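The structure appears right after this line, and notes come after that.
Derivation of every value follows stated rules applied to the coordinates shown; laboratory data play no part. Note that the coordinates shown come from a computational prediction; the quantities given were computed from them, not determined experimentally. Cβ coordinates were reconstructed from backbone atoms using ideal geometry, including for glycine residues, and neighbour counts include every protein chain displayed.
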Amino acid sequence: MSATVSLAATHLVPLAADDLDKNKVTPGVLGFIVFALLGAAVWVLMKSMNKHMKKVAFDEIPEGAVAMAATAAPATAPAATARGGAKADGKDATEG
């Protein structure tokens with residue numbers, strides 16, 4: 001904290017302490033406006049979330065289909081690499 005801010009704070013705190021009644025402190029109009037804006041923002045965000053959630057499809061995949069996909073994936077992997085570039089005789093497809 002800079003010296004100017006520290007000096008200003010020490011001079012203003014006693015002035016505020018004289019007028020401040022701790023039993024009558026209220027948030028006032030500014031507090032109400034901030035609270036209302038927060039409430040409006042939450043309402044808008046909830047409407048937006050509901051709109052986006054309606055677009056999501058929650059169709060579950062049967063467990064049998066997941067198991068079949070897991071066993072089928074390794075079987076297709078070697079065939080894909082064999083077609084990729086190497087010939088059966090061990091030469092690359094670009095060698096001729």
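Points to keep in mind about this one:
- Stretching the chain fully between residue 32 and residue 68 yields a gain of 7.1 nm (0.36 nm per residue, less the alpha carbon separation).
- Sequence ranges 39-45, 56-62, ranked by mean other-Cβ count within 10 angstrom, highest first: 39-45, 56-62
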